[in-house]
Each structure stands twice: as C-alpha cells, then as structure tokens.
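Report on the structure given below.
The values are calculated or read from the model by the stated rules, or taken from the named source; none is laboratory data. Just so you know, these numbers come straight off a predicted model, no measurement behind them. We place every Cβ from the backbone using ideal geometry, glycine too, and count neighbours over all the protein chains shown. These area figures cover heavy atoms from the full protein model, side chains too; ligands, DNA and RNA do not enter into them. Shrake-Rupley method; radii C 1.70, N 1.55, O 1.52, S 1.80 Å.
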Amino acid sequence: MTSTQERAEDLDLPYSVFAKACPSRGTLEHVTGRWGGLTLGALYEGSLRFNELRRRIDGVSEKMLSQTLHALERDGLVHRDAQPTNPPRVDYELTPLGREVAERLLALIHCVEGRMDDVLAARERYDGTRGAF
C-alpha cells in the first residue's frame, strides 16, 4: 500500500471523542474547557484585542488567555491578526469554523443560564439530603 493510499484511508476513518487516541478529543477539550468556551463566546460578538477580551472574560489570567488563544488558533477556530503598527495591534476573531462551534456552544450557555433557577433548586435539595460540599 502506498503512503497516498494510507492517507486516503485515514481520511475515511470516523472521528470519535470516545477513542483515547482521537484528535477530536483535544479540540473538544479546548472548546469546552473553562476558558475556551468563554473565549469563543466572547469573540462571537466580534473582533477583540487581547486586553478587551481579558476584560470581557472576568477572572481569566493573562497567561491562561494567551494559552487558550494559541490552542484555539491552532485548532483553526480563532484567527490572530497582528498589524505592524507602533505599538503593535493584535486582534482576535473567530474563523468560519470557530463561528459555527461558538453558535452551538452559545445555545448550550443560554440553556444553562435560562435554567439556573432549576439548577440552584436541585443543589439545595441535594445539599439538604446529603450535606453541602
């Protein structure tokens, strides 16, 4: 079998995040991780500079935001636009793929936000019967 045939066969394999070696697992972690989801959600509103993004995502450190942006850029979800000005200007925006993922993620975010009364009531019931964490 030639290397071209091997590559073609590799493309036919379905991806499954449930398989340990599947590359989709890493991307899912980047998207659904604490800062990845918030970064995608914030950028869905439009292009932002690093400090604007950091202010929008309350609680994220400069280091974590930088690592998150690098991971999302590597996965093809975020585009980094560095403009050669003085001082340098760097803007971040979603790619078309990033926009599609963010739309789905925002639907989940809105669902959770909209059902927080139910979640808080469930926590109260749970804590009342089993003790608080």
Practice prompt. Scan (1) over 11 Å from the mean Cα position of the chain (by Cα); (2) over 23 Å from residue 16 (Cα atoms) for the single condition residue 41 breaks and write down its number.
Written response: (1)
Worksheet, complete the sentence: Within the stretch 104-133, of all residues that are open to solvent by 90 Å² or more (accessible area, probe 1.4 Å) and within 15 Å of residue 31 (Cβ to Cβ), the one farthest from the chain's Cα centre (by Cα) is 108
Worksheet item: Residue check, residue 82 against (1) open to solvent by 80 Å² or more (accessible area, probe 1.4 Å); (2) at pLDDT below 95; (3) of a type outside the set (Lys, Arg), all met but one. Which one?
Response: (1)
Worksheet item: Which residues, counting only those in the stretch 74-133, are of a type in the set (Ser, Thr, Tyr) and farther than 26 Å from residue 44 by Cα?
Response: 126, 129
Discussion item. Please verify whether residue 65 is open to solvent by 80 Å² or more (accessible area, probe 1.4 Å) and hydrophobic (A, V, I, L, M, F, W, C), treating the condition exactly as stated.
Written reply: no
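Taking the condition of being β-branched (Val, Ile, Thr) and touching a strand residue (DSSP E or B) at 6+ places or on another chain (Cβ under 6 Å), how many residues in the stretch 58-82 meet it? If you could, list the steps in order and put the result at the bottom.
Pass one, the stretch 58-82, residues β-branched (Val, Ile, Thr): 60, 68, 78.
So of that shortlist, the ones also touching a strand residue (DSSP E or B) at 6+ places or on another chain (Cβ under 6 Å) come out as 78.
Going through the stretch 58-82 one residue at a time, the tally reaches 1.
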Worksheet item: Residues in the stretch 16-60 that are under 21 Å from residue 88 (Cβ atoms), open to solvent by 40 Å² or more (accessible area, probe 1.4 Å) and in contact with a Lys or Arg (Cβ under 9 Å, 6 or more places away or on another chain): how many?
Response: 1
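Working only within the stretch 86-128, note down all residues that are small (Gly, Ala, Ser), modelled with pLDDT of 95 or more and more than 20 Å from residue 56 (Cα to Cα). Even if it seems obvious, please write down each step before you answer.
Here is the first cut: in the stretch 86-128, the residues small (Gly, Ala, Ser) are 98, 102, 107, 114, 121-122, 128.
Next, only the ones that are modelled with pLDDT of 95 or more stay: 98, 102, 107, 114, 121-122.
Across the stretch 86-128, the qualifying residues are 114, 121, 122.
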